[in-house]
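See below for the structure under consideration.
Bear in mind these aren't lab numbers, they're just calculated from the coordinates by the rules spelled out. Just so it is clear, the model here is predicted, and its values are computed rather than measured. Note that we place each Cβ from the backbone using ideal geometry, even for glycine, and neighbour counts take in every protein chain shown.
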Amino acid sequence: MSKFISHFIAALAAISSVATLITFVFGWQVKDDTCIIKPILVAISIILICIFYAIYQTRRKHKIQLDLNASLKLTIQQADLFEQNGIIVIGVNEYFDSHVGDGIVSDRSLHGMFINRYYKDHIDDLDKDIQNSLNQQGVKPIETGCIRRHSAGKTNKYELGTCALVYDGGKKYILVALTHFDNNDKAYMTRPELNLVLGKLMEFVSSIAEASEVHMPIIGTGLARINRTSSRVLHHIIDTLDFLYDYPIIGGLYIDIKSLNSAGINLNKIEDHFKNGIKE
């Protein structure tokens, strides 16, 4: 409400200043004291204009852009991640599993949605693409022959932040190892590990993105079980990218959120927090 009032007062002050200037220059005044209706209509019009201006300025935004540094512009928007062009980032578990269901990869996760959407009928191709990308980078697993609860789970474990680049239908996807799996195949990660993953991800992205846009979700929420709200995690990602890392992404970095309301995110407050230091 304070934002609405401040914008209303700003608009009223601007209109009053212009009206005063015009009256002073042209000497306009109400000549007929009996005709009071015209000034009333003008006053009502001014108030309505100020109200509409304040409403417009305080409307819920669906897209904002934050200039983190000279080489990185971060856009946060309400959008479907899978419908975007450019490079798309998908968080996966430390095994790069490709079996959806049976408690391994949830079909409710972006990882599961990605597999079902693009590789459902040719999982072997996905496994080959992942392994080829890891081999090309010279990446080795940190542990092999892991015993998994379900036989469909892979047995090579990779360090969090490890990235694999795969292609499908002309699009590029970066699969980033985001979460551990416990003995019951439950995904989890810690807050310090989120910083580690972000750093490795940004380094990898800057090395392959060239001039492409890079789109990612709010990593660390949902099944990652970091136990913080989406809004808190988003604030943390912004601050981490702003203070800790300086990797150039020429085409821009985008964080896509399918539903701002469902995620409990107010982009107006995010923008104020970043630009004016106003805490949520």
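How big is the charge dipole of region 131-203 about its Cα centre, in debye rounded to the nearest 20, if each Lys and Arg gets +1 on its Cβ and each Asp and Glu gets -1 on its Cβ? Before the final figure, lay out the partial values.
Details: 10 positive and 7 negative charges, 25 e Å.
Approximately 120 debye in magnitude.
For region 97-161, just say rounded, prolate or oblate: build the C-alpha gyration tensor, square-root its eigenvalues into a ≥ b ≥ c, call rounded for a/c under 1.5, and beyond that prolate if a/b exceeds b/c, oblate if not. Please list the in-between numbers first.
Details: a/c = 1.90, a/b = 1.25, b/c = 1.52.
Since a/c reaches 1.5 but b/c is at least a/b, the shape of region 97-161 is classed as oblate.
Could I have the simple spin-label model distance between L196 and I5, label points 7 Å from Cα toward Cβ, reported in nm to one decimal?
Each label point is offset 7 Å from its Cα along the Cβ direction, giving 4.9 nm.
Mind pulling the per residue volume of the convex hull built on the Cα atoms of region 89-128? Å³ is fine.
Numbers: hull volume 2.9 nm³, N = 40.
About 72 Å³ per residue, rounded to a whole number.
In the structure shown, do any of K73/K140; K120/K171; K172/K275; K171/K258; K157/K186; K73/K157 have a Cα-Cα gap over 23 Å, and if so which?
Checking Cα-Cα distances, K73/K140; K172/K275; K73/K157 exceed 23 Å.
Can you give me the distance in nm between label points at I142 and K275, each placed 7 Å from the Cα along the Cα-to-Cβ direction?
Simple spin-label model gives 4.0 nm for this pair.
Give the relative contact order (percent, whole number) for region 65-210; include only Cα pairs under 8 Å separated by 6+ residues.
Worked out over region 65-210, it gives 25 percent.
With θ set to phi - 60° and the Karplus curve 6.51 cos²θ - 1.76 cosθ + 1.60, what are the ³J(HN,Hα) couplings of region 192-201 in order, to the nearest whole Hz, using x for Gly and Pro?
x, 5, 4, 4, 4, 4, 4, x, 5, 5
Taking the alpha carbon gyration tensor of region 63-276, what are the square roots of 5 times its eigenvalues, largest first, to the nearest whole Å? If you can, show how the numbers build up before the last one.
Values: eigenvalues 152, 69, 54 Å².
Values for region 63-276, descending: 28, 19, 17 Å.
How large is the dipole of region 63-276 about the Cα centre if only Lys and Arg carry +1 and Asp and Glu carry -1, each at its Cβ, rounded to the nearest 20 debye?
460
What's the percent breakdown of Cα-Cα distances in region 207-252 across 5 Å bins, shortest bin first?
5, 19, 21, 23, 17, 12, 3
Would you pull out the residues with amide H under 5 Å of S98's amide H, same chain only if 5 or more places away, H placed 1.01 Å from N?
Long-range HN contacts for S98: K154.
Once amide H atoms are placed 1.01 Å from N in the peptide plane, what residues at a sequence separation of 5 or more from V89, or on another chain, have their amide H within under 5 Å of its amide H?
HN-HN under 5 Å from V89: I174, H215, M216.
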